[in-house]
Ligand SMILES: [Zn+2]
């Protein structure tokens, strides 16, 4: 595919002194000026390819002197110029910003196609709808747009207070990966992300809890029933947004097949927006979930 040069994303082109130009200010990349170079750089729009730029330059910038392809290849290796074909095109519609980000930090923008093919389903109760909405908005901006998939790759179950465990039964039976998110008083717990048979599950979670809290099995049976009498939670707006961000990060990791921070772990956001706590969750010896893998 043809190289379509564009200046370094988000970086202004500046004159540093009589003989040098600079792109960007953090700290910026300095390079030697030459006759006609500024005029050439002004032509870069990420739409024209090198051949087209060379034709325009031949007609309008005779003072350039050197082959356009050579000049641009040099600036590309210096990080001044990027190839816009890596960001845009039919297969990356609406994901240009994500693709530019991936390219600039040295990732392959092609990995974003996993997000476009990814199906998500989000279930939220009345008290957690706002958290789910914010997380979904972040995911949409990140290129995950199938948020109501019939056969999702991941089910996110968001609830205000610990949910009834029956909500996970079908996912376990179907082998559907699922991520519980619980608004818990003044904080939000995310995880464990369960890949049935492969990572510790909610039953493992409950069995571990029952090991130190003998009444937990009795409490578990009452979960999800008391929402009518529950006072709404005390999670501040910025903490809610921080939690939504972390949910989105976990979903994106799952979409790309990377282990997230909630695989075999729980991550808690809050009470302050920048507070995080995490703890590992192992398979419980009394849980039979790891037998699923053998079945
Ligand atoms: Zn288990």
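The values are calculated or read from the model by the stated rules, or taken from the named source; none is laboratory data. The structure presented is a predicted model; accordingly, all values stated were derived computationally and were not measured. Here Cβ is always computed from backbone atoms with ideal geometry, including for glycine, and neighbour counts include all displayed protein chains.
Can you name every residue in segment 34-48 that is within 18 Å of residue 77 (Cβ to Cβ) and surrounded by fewer than 17 Cβ atoms within 10 Å (Cβ to Cβ)?
The answer is 34, and nothing else.
Can you spot a residue in segment 274-292 that is in a strand (DSSP E or B), closer than 24 Å to residue 153 by Cα, within 15 Å of the ligand (Cβ to nearest atom) and touching a residue at least 40 places away in the same chain (Cβ under 8 Å)?
Initial filter on segment 274-292 (in a strand (DSSP E or B)): 276-280.
Within this subset, residues satisfying the condition of being closer than 24 Å to residue 153 by Cα are 280.
Among the residues that remain, those that are also within 15 Å of the ligand (Cβ to nearest atom) are: 280.
Subsequent filtering for residues that are touching a residue at least 40 places away in the same chain (Cβ under 8 Å) retains none.
No: zero hits.
Can you pull out the residues in segment 178-195 that are buried (at least 18 other Cβ atoms within 10 Å of the Cβ) and away from the ligand (no atom under 12 Å from the Cβ)? Break it down stepwise before answering.
Initially, segment 178-195 is screened for residues buried (at least 18 other Cβ atoms within 10 Å of the Cβ), giving 178-183, 187-195.
The answer is 178, 179, 180, 181, 182, 183, 187, 188, 189, 190, 191, 193.
Of all residues in segment 196-233, which are in a helix (DSSP H, G or I) and away from the ligand (no atom under 16 Å from the Cβ)? Outline the logic, then answer.
Of segment 196-233, the ones in a helix (DSSP H, G or I) are 202-212, 216-220, 227-229.
Residues satisfying the conditions are 212, 218, 219, 227, 228, 229.
May I ask you to list the residues in segment 15-50 that are modelled with pLDDT under 95 and on the phi > 0 side of the Ramachandran plot?
Hit for segment 15-50 is 46, nothing else.
Is it the case, given these coordinates, that residue 201 is assigned by TED's automatic domain parsing to the domain that holds residue 249, more than 22 Å from residue 276 (Cβ to Cβ) and over 15 Å from the mean Cα position of the chain (by Cα)? Step through it out loud before you land on a result.
Details: assigned by TED's automatic domain parsing to the domain that holds residue 249: yes; more than 22 Å from residue 276 (Cβ to Cβ): yes; over 15 Å from the mean Cα position of the chain (by Cα): yes.
For residue 201, the condition - assigned by TED's automatic domain parsing to the domain that holds residue 249, more than 22 Å from residue 276 (Cβ to Cβ) and over 15 Å from the mean Cα position of the chain (by Cα) - is met.
If residue 171 meets every condition in (1) surrounded by fewer than 19 Cβ atoms within 10 Å (Cβ to Cβ); (2) out of contact with any helix residue (DSSP H, G or I) (no Cβ under 9 Å at 6 or more places or on another chain) apart from one, which number is that one?
(1)
Could you list, in sequence order, the residues of segment 234-259 that are surrounded by fewer than 18 Cβ atoms within 10 Å (Cβ to Cβ) and either outside any helix (DSSP H, G or I) or within 16 Å of the ligand (Cβ to nearest atom) (or both)?
If the condition is that a residue be surrounded by fewer than 18 Cβ atoms within 10 Å (Cβ to Cβ) and either outside any helix (DSSP H, G or I) or within 16 Å of the ligand (Cβ to nearest atom) (or both), then 234, 236, 256, 257, 258, 259 are the ones that fit.
Which one is farthest from residue 228 (Cα to Cα), of the residues in segment 153-181 that are in a loop (DSSP other than H, G, I, E, B) and more than 17 Å from the chain's Cα centre (by Cα)? If you could, list the steps in order and put the result at the bottom.
At the first step, the residues of segment 153-181 found to be in a loop (DSSP other than H, G, I, E, B) are 153, 161-165, 175-177.
Next, from what is left, pick out any that are more than 17 Å from the chain's Cα centre (by Cα): 161-165, 175-177.
Working: 161: 11, 162: 14, 163: 13, 164: 14, 165: 18, 175: 31, 176: 29, 177: 29 Å.
Of everything passing the filter in segment 153-181, 175 is farthest from residue 228 (Cα to Cα).
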